[in-house]
Amino acid sequence: MTQQSSTQTWRQWLTTDTPRSRRQARLASAYHGWLTLRSNTLAMVGLAILLALLLIAAFAPFLAPHDPLSQDLGARLLPLWTDGHPLGTDSLGRDILSRLIYGSRITLYIVTLVALIAPIAGLLVGTIAGYTGGIVDAVLMRITDIFLAFPRLVLALAFVAALGAGIENAVLAISLTAWPPYARIARAETLTIRRSDFISAVQLQGAGPLRIITRHIWPLCISSLIVRVTLDMAGVILAAAGLGFLGLGAQPPSPEWGAMISEGRKFILDFWWVAAMPGLAIFTVSLAFNLLGDGLRDVLDPKSGSS
């Protein structure tokens, strides 16, 4: 009974219309956002899939039934549901399930690095351009337009060809092609915010441009960027898989999903599962990011309204 009353007290504290502190207001806003997200069934499905992916990557050594790099030519191209190999084996006798489990680590590694590099670069460029204006804005936006003029995968291929094959260079190439949309969003938000009354009040108090951008403009741009990042992760995964498929991403024998599809395409007619299983993994994770991104848009983007 005590625990139930304590829970009710916390819920009342979080749902009050008259918060008594900034901390209470922030926690109440986060709680209302969680309630909105929780009411979106598809968003919760996407969140559940991504949480499962995190757990699979974290506990890969305990979940994988075999060494993902161990070869057994006597057990090559075994079909689905073979004893000891639920998803079959590839052309070198490596267990596909184990390679998918360890490949989730590579996918999360790429997604995390791109999610850290591209939005930050776009936020810097967009806010500086939007707040400064004039020739600085014109130059930065024309550079952004140049990057936007090329298809992302083609531009990523060009960067990887110049930098060399490898997972780190693939991450850098994808990040260099992914930042322009974030710069556009940050610039649009900054152009709106910099004319606000509270920005004028902060300027009258003697705050410089750096303090205004970092302390007052960036926090208001974060929510839009989070939504865009979540929706863009599916494209990042596909770009990374495309580079791996072409042999420009993670190098053999790494169990990268795109490289696994590339190897399986040679046997697609007779041994379809070799390419279909990593393809299904890419599809599932990409769909999960899109579902979660739609839910986060309802929570974080006030201009989108509730659906």
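Each value in this text was obtained by applying a stated rule to the coordinates, not by laboratory testing. Everything quoted here is computed from the prediction, not taken from an experiment. Here Cβ is always computed from backbone atoms with ideal geometry, including for glycine, and neighbour counts include all displayed protein chains.
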Original post:
With each run of n ≥ 4 DSSP H residues scored as -39500 (n - 2.57), what mean residue ellipticity at 222 nm is computed for the chain after dividing by its residue count and rounding to the nearest 500 deg cm²/dmol?
Top reply: -24000 deg cm²/dmol
**OP:** Return the FRET efficiency for the residue pair Lys266, Thr41: r is the Cβ-Cβ distance, R0 is 35 Å, and the value is rounded to the nearest 0.05.
**Re:** 0.30
Original post:
Relative to the first principal axis of the alpha-carbon coordinates of the chain, what is the inclination of helix 134-148, with its axis defined by its Cα atoms, in degrees from 0 to 90 and to the nearest 10?
Top reply: 20 degrees
Original post:
Please report, for the Cα atoms of region 194-262, the Rg to one decimal and the Dmax as a whole number; what are they, in angstrom?
Top reply: 21.2, 60
Subject >> Whole-percent pair-distance distribution, where bins are 10 Å wide, for the alpha carbons of region 144-245 >> reply: 14, 36, 25, 17, 8, 1
**OP:** Could you tally the net charge around Gln203, taking each other residue with its Cβ under 11 Å from the Cβ of Gln203, Lys/Arg +1 and Asp/Glu -1?
**Re:** +1
**OP:** Would you list the P(r) distribution for region 233-307, with all Cα-Cα distances sorted into 10 Å bins from 0 and each bin expressed as a whole %?
**Re:** 20, 38, 23, 14, 6, 0
Original post:
If you average 1/r over every pair of different alpha-carbon atoms in region 91-146 and take one over that average, what Kirkwood value in Å do you get?
Top reply: 14.3 Å
Original post:
Can you give the net charge of the other residues whose Cβ lies under 12 Å from the Cβ of Asn290, counting K and R as +1 and D and E as -1?
Top reply: -1
Original post:
When only alpha-carbon atoms count, how far does region 61-167 stretch along each of its three principal axes, as whole angstroms with the largest first?
Top reply: 67, 28, 21
Original post:
For the chain, with the dipole built from +1 on Lys and Arg beta-carbon atoms and -1 on Asp and Glu ones, taken about the Cα centre, which of Leu53, Leu27, Pro180 lies farthest toward the positive end?
Top reply: Leu27
Subject >> Whole-number percent relative contact order across the chain, with pairs defined as alpha carbons under 8 Å at least 6 apart >> reply: 22 percent
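Near Gly244, within a Cβ-to-Cβ distance under 12 Å, what is the net charge of the other residues, with Lys and Arg +1 and Asp and Glu -1?
Once positives and negatives cancel, what remains is -2.
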**OP:** Would you compute the Debye intensity of the chain from its alpha-carbon atoms alone, equal scatterers and no solvent, and pass along log10 I(q)/I(0) at q = 0.07, 0.13, 0.15 Å⁻¹ to two decimals?
**Re:** -0.38, -1.02, -1.18
Subject >> Relative pair counts by distance (%), Cα atoms of region 45-86, 5 Å bins >> reply: 5, 18, 19, 19, 17, 14, 6, 2
**OP:** Give the whole-number value, in cubic angstrom per residue, of the convex hull volume spanned by the C-alpha atoms of region 1-113.
**Re:** 181 Å³
